[in-house]
Structure formats: structure tokens, C-alpha cells
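Below is one structure, written out as C-alpha cells; comments come after it.
Computed from the coordinates by the stated procedures, all read-outs in this text should not be read as laboratory data. These numbers were taken from a predicted model, which means no experiment stands behind them. Cβ placement follows ideal geometry from the backbone for every residue including glycine, while neighbour counts extend to all protein chains displayed.
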Amino acid sequence: MKKTNLILTVALISLMIVLAGCETPKRPVAPIKPDITQLPTEDSKTFCSIDDDCICSGKDKDGSCFLGNKDYYETNVDKEKQCPDFCGGIAGNLEVKCVENNCKQMVKKENVINDQTDKNGCAKDSDCEVGGCSGTICEKKGSRTITTCEYRPEYSCYKLTECSCVESKCSWIEKQEFVRCLNEKSKENKDNEAVW
């Protein structure tokens, strides 16, 4: 009798395991891609009314460098982790602005006096060149800026963009694949480690 009970118990447990594994698989739901042409709503993390609504600092929940509104920043962003060179640009030529109710990085407009430009000024793309030990500086040809010789994974992203003359200043062109690469590499390099 004990042997029969044991066999029945084992058979019942085996049947339950088999039936549990036979659940009809659910078809994966494809995520809905956001319509990037749509203006942000007041609930979105990039919504703004004025420049002071925007901030660029820290890392978002998904590990990407954060650029967006201050309300979202206060409750959702890790302020301890930073993204070197993301917010201000390697050459310090970027600033955060509210454009069409959306926080964006823009190339800083420099004051031009008597048609003279600053040390990074240019008239055409050929006036600019890539510099710095790690190839992350976009500068006026012949400037020869000296930088520390370190390498961060995100520096490989600079191969995806161009050093060009933008609004009379040598600047990196902000291409989508460049920004995407910076975000991905900064997620991978959560400790912000550099190789010297």
C-alpha cells in the first residue's frame, strides 16, 4: 500500500510539472515606438516652457545621460553619477535650451565683435580639425590643444560624427548615431572609468 501511494504521489507531481510547462506561450508584444515628431506633453521628461525648466546632469533610470526637465530630474535621476563631456560638450560649446517645449542641447552662440571670432572661430569646415590626445576636441586648425591622454569607451563614438564649422565655431555635429552611441557607451561604463 505504501509503495502504491508513493507511486501515485510521484505520478501526480510529475503530471503537475508537465502541465505547468505546457502553458500556451504568449505572443510577445512589440513595444510601441514613440513618435519623435510629436511635441512632448507636460508629463514627459523633456517638456519645458523656458530654458530654466531644463537641466543636463546625472544618469537616468536606464543608465543613459540625462537631459530633460527639472521636475523629472528631481525624482528619477541618479545625481551621483555623471557623464563627462555629455552636457557641455568636450570643448564646452554646448548648452541646454528649451526649443519648441523640448529640452535640447544646442551649440552656444558666441559674441562676434568686428567680424572677429574667438580662438575656435571658423568660416568653413576646412578651418576645423580634430585634436586632443584622444581625438575628442573639435578645434580651429592649428590650435594644437593639449589634453590628458586617457581613453573612455564613449570616445569611440567620435568616429560617428564630424568636426565642422557651425555658426562660425568649430563644433561636433550632433548626429543621432553619435548621441545614441554616447548613451550606450555611458551605460556600459557606469563607473566612468578611464584608461590611462
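What the table shows:
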read-out	value
Net dipole in debye of the stretch 63-173 [+1 Lys, Arg Cβ; -1 Asp, Glu Cβ; about Cα centre; nearest 20]	140 debye
Environment charge of Thr147, counting only residues whose C-beta is closer than 13 Å and scoring Lys/Arg +1, Asp/Glu -1	-1
Hits among lysines - C-alpha to C-alpha of Lys81 under 24 Å, sequence gap 8 or more where chains match	Lys45, Lys59, Lys61, Lys70, Lys97, Lys104, Lys185, Lys187, Lys190
Local electrostatic count at Asp127 - Lys and Arg +1, Asp and Glu -1, tallied over other residues with Cβ under 9 Å	+1
Computed FRET value (nearest 0.05) for Val99 with Cys149, which takes r as the C-beta separation and R₀ as 35 Å	0.45
Percentage relative contact order, the stretch 51-188, counting C-alpha pairs under 8 Å, at least six apart	20 percent
Principal semi-axes in Å for the stretch 51-188 [√(5λ), Cα gyration tensor, largest first]	27, 19, 12
Ranking of Lys59, Lys175 by count of other Cβ atoms within 10 Å, fewest first	Lys175, Lys59
